[in-house]
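Peer 1: Provided herewith is a single structure, encoded as structure tokens, for subsequent inquiry.
The values are calculated or read from the model by the stated rules, or taken from the named source; none is laboratory data. In this text the structure is predicted, and so the values were computed from the model without any measurement. All Cβ positions, even for glycine, are placed from backbone atoms using ideal geometry, and neighbour counts span all protein chains on display. In case anyone asks, the SASA skips ligands and DNA or RNA and just uses the protein heavy atoms, side chains included. Shrake-Rupley method; radii C 1.70, N 1.55, O 1.52, S 1.80 Å.
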Amino acid sequence: MGGIYLDHQSAMPLDPRVLEFAKTCLVEDFGNPSALHSVGLSAKTAVEEARAKVADLINAEDSSSIIFTASATEANNLAIKGTALRNAAKGKKILASSIEHISVLNSMKELQKGGFELTLAPVDGMGVVDLSALESLLSKETVLTSIMYANNEIGTVEPMQEISEMVQEKGMFLHADAVAAEGRVPIDVQKDGIDLLTISSNDMYGPQGAAALYVSPKVKLQPSLVGGGQERGLRPGTENLFAIAGMGEAARLARLEMANESERLKHIRDRLIEEISKLDEAYLTGHPTKRLAHHASFRFSRIEGESILLTMDAMFGIQISTGSACSSRTLEPSHVLLAIGLKHEEAHGSMVMTLGRDNDPSQVSSIVGAVNQTVQRLRMLSPL
Ligand code: PMP
């Protein structure tokens, strides 16, 4: 392809070391982990080793706290619906921030239809959860609060420890969607006081088709699916051995390499932010410093994010995003950008760049040049 890929938040290439590690699960150690014979036992061992590596990445107290699922969407559904339904006798209030991923918001809305009372906590103009609003919205009946560790569209990292202290004091269980933060920010579920946490394999260079939900020993869940006893009965169905073994190895590598890689990407990110912010009517979205190391997001007035994306790809071979890959096909303005106070027309001009291992500082000037030319060209064509 030879272009510059800047959409690591939507999809990441598989790490060749992970492929090398996990490929035996496709051909040699292909067994069903529930089978009692030796081929099944080695498959079971591969799953348990992966579980321990994922537990290590987030400092879970025990590897049995990790439940593998097929996607982060599924883990979010299990966390939210599973906790609320199983613990409904203790309270019927549920709470989320207004910038959660759609898989969190829609799980919450489904519960709302079933009689739960849903409230959304506001964020400030940089996407940080409003802590005093959160405190006033929490109550003893708030059975579940879901606040993302960091936002995928604007890169803002939330003050998780302050949030968890509040939830522990005034509410019940805290779920954090850490898909954007994993492998970039050190996560410690015990220190951070998080009861349930979602992470996904591909967001740390692992194979697609695996994700995990951390469930603290104090939380009881109702499964979303019924079937056999896999994953403590919480996620029945034969395990995706290749994806799970790969996720474990990706987690091990992320733990070792995260600090250096984040530091490296931060320099590229800061140069992109500095240069792109100088362009005419270009504005950073999200927090300037409390943001993910690989994340640079902007809005431009008088042009559409989709046109930026298509022009950057077609003319310069640079792949960017306009926000959430999940909502970009709807052409609706992003709920995240509206929640940080942008008007509809402002929210339409958004551009998100997410860096990864294959990016380096020598690319900055080409990227900035391409953005500049794209923006000028689109503004010339714009009826606005
Ligand atoms: N949470 C966040 C923050 C995300 O960005 C995404 C999308 N990558 C998801 C959850 C859902 O992930 P998936 O589409 O892989 O289920």
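Peer 1: Can you tell me the accessible area per residue over the chain, all protein chains present, probe 1.4 angstrom, in square angstrom?
Peer 2: Per-residue accessible area for the chain comes out at 42 Å².
Peer 1: Pop a pseudo-label 7 angstrom from the Cα along the beta-carbon direction at both T289 and L26 and give the gap in nm to one decimal.
Peer 2: Using points 7 Å along Cα→Cβ, the separation is 4.6 nm.
Peer 1: Stick to the Cα atoms of the range 1-130, pair each with every other, and give me the Kirkwood hydrodynamic radius in Å at one decimal.
Peer 2: 18.4 Å
Peer 1: Assuming 0.36 nm per residue, please report the length gained on full extension of the stretch S132 to K220 beyond their Cα-Cα distance.
Peer 2: 28.8 nm
Peer 1: Then there is this: Within the accessible area of the chain, what % is carbon and sulfur when the probe is 1.4 Å and the other protein chains stay in place? Numbers along the way, then the final one.
Peer 2: Numbers: 8770 of 16230 Å².
Exposed carbon and sulfur together represent 54 percent of the surface.
Peer 1: What FRET efficiency comes out for D358 versus Q112 if R0 is 56 angstrom and r is the Cβ-Cβ distance? Round to the nearest 0.05.
Peer 2: Calculated transfer efficiency: 0.85.
Peer 1: Something else now. In whole Å, what three semi-axes, largest first, describe the equivalent ellipsoid of the range 74-177 built from its Cα gyration tensor (square root of 5 times each eigenvalue)?
Peer 2: On the way: eigenvalues 80, 48, 25 Å².
The three semi-axes for the range 74-177 are 20, 16, 11 Å.
Peer 1: Shifting gears a bit: In what sequence, highest mean first, do 149-158, 76-85 appear when ranked by Cβ atoms within 10 angstrom?
Peer 2: Packing proxy ranking, top to bottom: 149-158, 76-85.
Peer 1: Let me ask another. Arrange the peptides 359-370, 300-311 so that the one whose residues have, on average, the most other Cβ atoms within 10 Å appears first.
Peer 2: Going by the mean number of other Cβ atoms within 10 Å, highest first, we get 300-311, 359-370.
Peer 1: I need the calculated FRET efficiency for the pair L338 and S63, taking r as the beta carbon distance and R₀ as 30 Å, to the nearest 0.05.
Peer 2: Values: r = 40 Å, r/R0 = 1.33.
According to the calculation, E is roughly 0.15.
Peer 1: So how much slack lies between A35 and K92, counting 0.36 nm per residue of separation and subtracting their Cα-Cα distance, in nm? Walk me through the intermediate numbers first.
Peer 2: Values: separation 57, 0.36 × 57 = 20.52 nm, distance 4.05 nm.
Extra length from A35 to K92 when fully extended: 16.5 nm.
Peer 1: Separate question: Take the alpha-carbon centre of the range 84-124, take the same for the range 361-384, and report the distance between them in whole Å.
Peer 2: Distance between centres, Cα-based: 40 Å.
Peer 1: Give the percent of DSSP beta bridges with both residues in the chain that are antiparallel, rounded to the nearest 5.
Peer 2: Details: 21 of 39 bridges.
Antiparallel: roughly 55 percent of the beta bridges in the chain.
Peer 1: Let me ask you something else. For the chain, what is the Kirkwood estimate of the hydrodynamic radius, computed as the reciprocal of the mean inverse distance between distinct Cα atoms, to one decimal in Å?
Peer 2: Working: mean 1/r = 0.0466 Å⁻¹.
Taking every pair of different Cα atoms in the chain, averaging 1/r and inverting gives 21.4 Å.
Peer 1: So, one more: Which value in nm describes the separation of the simple spin-label points at E281 and E257, placed 7 Å from the Cα toward the beta carbon?
Peer 2: 4.1 nm
Peer 1: Something else: Cross-link candidates for K170: which lysines have Cα within less than 28 Å, leaving aside residues fewer than 8 places away along the same chain?
Peer 2: Cα-Cα hits under 28 Å: K81, K90, K92, K93, K109, K113, K140, K191, K218, K220, K290.
Peer 1: When all alpha-carbon pairs of the range 8-47 are counted, what percent fall beyond 15 Å? All intermediate terms of the calculation are to be shown ahead of the outcome.
Peer 2: Values: 386 of 780 pairs.
Summing the P(r) of the range 8-47 above 15 Å gives 49 percent of all pairs.
Peer 1: What FRET efficiency do you get for M380 and E274 if R0 is 22 Å and r is their Cβ-Cβ distance, rounded to the nearest 0.05?
Peer 2: 0.30
Peer 1: So what J values fall out for the range 247-263 if you push phi through Karplus, 6.51 cos²θ - 1.76 cosθ + 1.60 with θ = phi - 60°, rounded to Hz, Gly and Pro as x?
Peer 2: Karplus values, whole Hz, x for Gly and Pro: 4, x, 5, 5, 5, 4, 5, 4, 4, 6, 9, 4, 5, 5, 5, 5, 4.
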